[in-house]
Amino acid sequence: MLRNAETYNAELEAYKAGAIWESALSLVQHLLNTQDLNNVQVGTLAASLNKAAQWQSAIETFQNTKELADTFMLTHILGALGKCGRGVEATQVINYAKKEAIRFDSYLYNAAISSVCSSLMWEQGLNLLEKALSDSHVSSVSRGAADLLGTFGRLQESQKAEKVFSNYIQRFPNDIEVYNAMMHSLNLCHRWHNSLSLFKSMAQRGLELNIVSFTNAINPMTRLLGWQASLRIMKFIFQRDYDGKDNRHGNVMIALNAFLSSLSNTGHWKMGLEMYREAQDVGYKVDASALGSCVRLCLRSREWSAALGILEDSMRKGVQLDVRSYNLAAYCYGCGYMWEKAVKLLDPTLMQRRNLFANEFSFSIKTRCLMLGGQWHRAASLLRGLQSKKGSRTLSLPLAHTLVTCLLRLGHSDAAIEEFELQFTRNLPSLTLVRDILRAASRRGRKDTIRTLTERLKTVGVEISTSDNKRYDTTTNAQRVMWRNLSTTSDHEDL
């Protein structure tokens, strides 16, 4: 049976709806080989790749079918590149569109600006936004403008953000999405007064404030007006029931996250716990992110038992935990000296049954809990296994610090010194570990290690007195290092 273009189009649409981008890609490749491909089919494939964030297949599709490129296809190609932070590749696509005089509409402008801003390439984004604002046929570029303002916020460029915002609202004075983005940008720059003033002006202008607007106001209100002000906002959000009536503007959990985070420096962890439980009682489906914010709030006040209680209670209520939640739970067990429970919780087999995979913090917490229980050999073996799995001996600074400490405690001085020299080629660890390595080097007669490490310490403003330096060179009896010009110490706590 012969298949026509309409049949192929329908098949591609079905693949897109089912998120089966591999089949869509295979079909387009077949049509390309038989020279039966048209721009509608390429556009449908591009939409599938955008939906699945498959940037490599997206750029390959663009390269193979650029003669069929149109506004729709390029919008989705840039969408896929933007989701994966591929600003350089996005610039190539944008330049091709300009060269071939492909018409930029609102969708293409938004996709183009967002794609370059995903790589913090604000100059290109600003240039595109200015062209969009000067084009009378463009109805709105709110998404692109919002992403550009967010980029300026991440770069701490509040003045540039204010200039862009001022130019934008002259053309689109009632675009609530861009007002929200400007508030968020000011918050990132810690311009709390400006952010709160903008929020008040939005209300005075009669703009229809949504949950994003109120969420952006929470942090400035807590800092400037006190936590009671932001609590009133949370109560108002619960009363408005945004999840039921206004879901397209965001999720209540985002607001709850912002509220819990804003309390982190106030010491009012009980209020955060109360609001978290109220959200559950009202009927909201609490997610792992909100749970994590609540637990971290408790831990910030050193209330590890309360943090552990809310974790266990949430697990009983069926909250879907992510790997960060498991890490937090294990950390709480460690704080309570229940190291065995922590190690069991982070067992890789049990985690994989829940489709979770340990990350760097999982290994860090697990090894520290093993050390807490005096399981130095198990901790060292765990990190040696991680090195083998990665195919590289290089570890992050916290894990390297732990491995060297374990080797020293096991009496493997030569291995500890070797690992120290390998792991800390650029940055030095805590001075406590440096002292222990110097002691080990003294016992093993490693004079070269002592001299090299002493010189490295001098470069960062830390000196060993002449008598101690000589003592390390001449005696096997380790002595305490006498530090001079020491301003601060850190122990690389990344839990």
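The values are calculated or read from the model by the stated rules, or taken from the named source; none is laboratory data. Bear in mind the structure is a predicted one, so any value in this text is a computation, not a measurement. Here Cβ is always computed from backbone atoms with ideal geometry, including for glycine, and neighbour counts include all displayed protein chains. The accessibility values were calculated without ligands, DNA or RNA, using every heavy atom of the protein model including side chains. Shrake-Rupley method; radii C 1.70, N 1.55, O 1.52, S 1.80 Å.
Each Lys or Arg adds one and each Asp or Glu takes one away; over the other residues whose Cβ falls under 14 Å from the Cβ of HIS193, this sums to +2. Our estimate of slack between TYR337 and SER430, defined as 0.36 nm per intervening residue step minus the Cα-Cα distance, is 31.1 nm. The modelled label-to-label distance between SER136 and GLN56, using points 7 Å beyond Cα along the C-beta direction, is 4.7 nm.
Computing FRET efficiency as 1/(1 + (r/R0)^6) for VAL282 and GLN156, where r is the C-beta to C-beta distance and R0 is 35 Å, gives about 0.40. To the nearest ten degrees, helix 192-204 and the longest principal axis of the Cα atoms of the chain are 30 degrees apart. Protein heavy-atom surface of region 329-373, 1.4 angstrom probe: 53% of the accessible area is carbon and sulfur, with nucleic acids and ligands not counted. In this Cβ point-charge picture (+1 for Lys and Arg, -1 for Asp and Glu), region 85-193 has a dipole of about 100 debye about its Cα centre.
Centroid-to-centroid, using Cα positions, region 7-33 and region 126-153 are 33 Å apart. Between SER197 and PHE236, the FRET efficiency from the beta-carbon distance, with R0 = 25 Å, is close to 0.80. Of the accessible area of region 166-323, computed with a 1.4 Å probe over protein heavy atoms only, carbon and sulfur atoms account for 47 percent.
Measuring from a point 7 Å past the Cα of ALA229 along Cα-to-C-beta, which residues in region 185-210 have an amide N at less than 20 Å? Correct set: 185-207, 209-210. You can think of it this way: the chain between LYS344 and SER26 has 110.1 nm of extra reach, that is 0.36 nm per residue less the Cα-Cα gap.
Taking 7 Å steps out from each Cα toward its Cβ at LEU120 and ASN355 produces label points 3.3 nm apart.
Axis angle, to the nearest 10 degrees, between helix 304-316 and the longest C-alpha principal axis of the chain: 50 degrees. Peptide packing: for 120-129, 107-116, the average count of neighbouring Cβ atoms within 10 Å per residue gives the ranking 107-116, 120-129, highest mean first. Think of it as helices only: each DSSP H run of n ≥ 4 in the chain is worth -39500 (n - 2.57), and spread over all residues that comes to -22000 deg cm²/dmol at 222 nm.
Compute the angle between helix 106-117 and the longest alpha-carbon principal axis of the chain, please, reported from 0 to 90 degrees and rounded to the nearest 10. The helix 106-117 is inclined about 20 degrees to the chain. Peptide packing: for 41-53, 258-270, the average count of neighbouring Cβ atoms within 10 Å per residue gives the ranking 41-53, 258-270, highest mean first.
First check a/c for region 72-160, with a ≥ b ≥ c the square roots of the eigenvalues of its C-alpha gyration tensor; if it is under 1.5, answer rounded, and if not, answer prolate when a/b is larger than b/c or oblate otherwise. Here region 72-160 falls in the oblate category.
If you only keep lysine pairs separated by 8 or more in sequence, or across chains, how many in region 1-105 come under 21 Å at the Cα atoms?
So the count works out to 8.
So with the 1.4 Å probe, I'd like the accessible area per residue for the chain, rounded to whole Å².
Spelled out: the 1.4 Å probe surface of the chain, per residue, equals 50 Å².
Which residues in region 119-140 place their backbone N less than 20 Å from a point set 7 Å from the Cα of ASN174 along the Cα-to-Cβ direction? The answer is 137-140, whose backbone nitrogens lie closer than 20 Å to the label point. Label sites at GLN92 and HIS190, each approximated as a point 7 angstrom past Cα along Cα to Cβ, lie 4.0 nm apart.
Taking the structure as given and computing Kirkwood radius over Cα pairs in Å, which label from (1) 27.0; (2) 25.4; (3) 28.7 fits? Calculated Kirkwood radius over Cα pairs in Å: the matching label is (1). Name all residues of region 341-384 having a backbone nitrogen under 19 Å from the label point set 7 Å from the Cα of SER392 along its Cα→Cβ direction, giving them as ranges. In region 341-384, the label zone of SER392 (backbone N under 19 Å from the point 7 Å along Cα→Cβ) covers 358-364, 383-384.
Taking Cβ atoms as reference points and 14 Å as the exclusive limit, the residues near GLU100 contribute a net charge of +2, counting Lys and Arg as +1 and Asp and Glu as -1.
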